[in-house]
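All remarks here apply to the structure that follows.
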Amino acid sequence: WHAFANVDHSTGLCAGGGYVGDGVALANLVGRTLAHQIADTGDPLTRSLLVGHTSKKWEVEPMRWLGVNGLLALTDFADRRERRTHQPSKRVLAVRDRLLG
């Protein structure tokens, strides 16, 4: 993830974001940077690394989320199956363990 603060004066659109996990401080910096860009003040913030940055079209994070939640769902499935059958879910857990490495 990489924070960005971009203003397109030709369309009047602006966007800021990319500060996942960095919270209020970076959100404040992005907001201040956008304000200086919109007002065209020439402030040094308008020349920071935030300005003009574009992230990749597909971030890695969705894949991590899918992997973690898929493994949690698989473990939940194994637990429910074991409660229902009173038998260990060896195959399901073997698949989970193989995916975990």
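Points worth noting:
- Of all residues in the stretch 1-26 being hydrophobic (A, V, I, L, M, F, W, C) and in contact with a strand residue (DSSP E or B) (Cβ under 8 Å, 6 or more places away or on another chain), the one that is farthest from V51 (Cα to Cα): L13
- Matching residues, the stretch 1-33, being among the β-branched types (V, I, T) and at pLDDT below 90: V20, V24
The values are calculated or read from the model by the stated rules, or taken from the named source; none is laboratory data. As the structure is a computational prediction, the values presented were derived from the model and not from experiment. A quick note on method: Cβ atoms are made from the backbone with ideal geometry, for glycine too, and the neighbour counts reach across all protein chains shown.
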